[in-house]
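Take a look at the structure set out below.
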Amino acid sequence: KLVESGGGLVKPGGSLRLSCAASGFTFSKAWMTWIRQAPGKGLEWVGRMRSTSNDGPIDYAAPVKGRFTISRDNSKNTLFLEMKNLKTEDTAVYYCTTGAGDGESLWGQGALVTVSS
Amino acid sequence: QTVVTQEPSLTVSPGGTVTLTCTSSSGPVTSGDYPNWFQQKPGQPPRPLIYSTNNKHSWTPARFSGSLLGGKATLTLSGVQPEDEADYYCLLYFGGVQLMFGGGTKLTVL
């Protein structure tokens, strides 16, 4: 199970941190992904973090690179998305996802982030 | 910048068959792009249907199938049911590190 939290209303230029609490699987071995969906729009990949044992860079989509940071706390089975310099176009429902070699098979319910003055 | 394209909308009659496609502006879609397909109904998170081109999840109804055809990833619904009316999204993994969704297909069952 994945449960996102931390969404809310923030002003343009502001910051916000989302959390994704994981349970029911070995979190440290999971590749974790953030995906977002703007109101009435399609799905957009945000970024992905490899499992702890898989050394490699964190990958980000171009629109968020340099502003968003993905991290994880394996001791708390939690994934984070730190968002800075937020823009109105970042308004979306943010989902964390994962899979066990079967694509993005597990999704949370999402957290709504609204960027507005 | 690669663009992944799907039909914006399709209409199918109950009991009919419809094929949704997913194309990449960077070239033919291959099994190495690990095509995934998702179904989304209003107010719900996406529901995974297909992964790695043609593999079904345990919850995926048998009437859904995925394949590669003519350089495109395809999702075929055979014997469409009214509850299949939804938005459908494809997802491609480019080089295993950059993921990209198609714009989605709105499927109407009429």
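The values are calculated or read from the model by the stated rules, or taken from the named source; none is laboratory data. Everything quoted here is computed from the prediction, not taken from an experiment. As a convention, Cβ positions derive from the backbone with ideal geometry for all residues, glycine included, and neighbour counts pool all protein chains shown.
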Could you say which residue among A:ARG17, A:ARG48, A:ARG67 is basic (Lys, Arg) and under 20 Å from B:THR2 (Cβ atoms)? A:ARG48
Failed condition for A:VAL113, given (1) within 14 Å of another protein chain (Cβ to nearest Cβ); (2) at pLDDT 95 or above: (1)
Taking B:THR105, is it farther than 24 Å from A:ALA111 by Cβ, touching a strand residue (DSSP E or B) at 6+ places or on another chain (Cβ under 8 Å) and crowded, with 19+ Cβ neighbours inside 10 Å? yes
Whichever residue in region A:36-57 is within 13 Å of B:GLN98 (Cα to Cα) and surrounded by 15 or more Cβ atoms within 10 Å (Cβ to Cβ) and, among such residues, is modelled with the lowest pLDDT: A:ARG50
Restricting attention to region B:47-69, which residues are of a type in the set (A, V, I, L, M, F, W, C), over 17 Å from B:SER24 (Cβ atoms), at the interface with another protein chain (Cβ under 10 Å from one of its Cβ atoms) and within 10 Å of the chain's Cα centre (by Cα)? B:LEU49
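Here is a yes/no grid of residues against (1) touching a Cys at 6+ places or on another chain (Cβ under 6 Å); (2) loosely packed, with under 14 Cβ neighbours inside 10 Å; (3) over 27 Å from A:GLY110 (Cα atoms):
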| residue | (1), (2), (3) |
| --- | --- |
| B:THR2 | no, yes, no |
| B:LEU20 | no, no, no |
| B:THR23 | no, no, yes |
| B:THR30 | no, no, yes |
| B:ASN36 | no, no, no |
| B:TYR88 | no, no, no |
Could you grab me the full set of residues in region A:14-50 that are over 13 Å from A:VAL93 (Cα atoms), within 10 Å of chain B (Cβ to nearest Cβ) and in a strand (DSSP E or B)? A:THR33, A:GLY47, A:ARG48
Being out of contact with any helix residue (DSSP H, G or I) (no Cβ under 8 Å at 6 or more places or on another chain) and either among the hydroxyl-bearing types (Ser, Thr, Tyr) or over 19 Å from A:GLU82 (Cβ atoms) (or both) is the filter here; which residues of region A:1-29 pass it? A:LYS1, A:SER5, A:SER15, A:SER19, A:SER23, A:GLY24, A:PHE25, A:THR26, A:LYS29
Restricted to region A:70-86 and to residues being out of contact with any strand residue (DSSP E or B) (no Cβ under 6 Å at 6 or more places or on another chain) and among the basic types (Lys, Arg), the residue nearest to B:THR2 (Cα to Cα) is A:LYS84
Checking B:GLY79 against (1) without any contact (Cβ under 8 Å) to a residue 40 or more places away in the chain; (2) away from every other protein chain (no Cβ under 13 Å); (3) on the phi > 0 side of the Ramachandran plot, only one condition comes out false. Which one? (1)
Filter region A:81-106 for residues that are away from chain B (no Cβ under 13 Å) and surrounded by fewer than 20 Cβ atoms within 10 Å (Cβ to Cβ); the one that is nearest to A:CYS20 (Cα to Cα) is A:GLU82
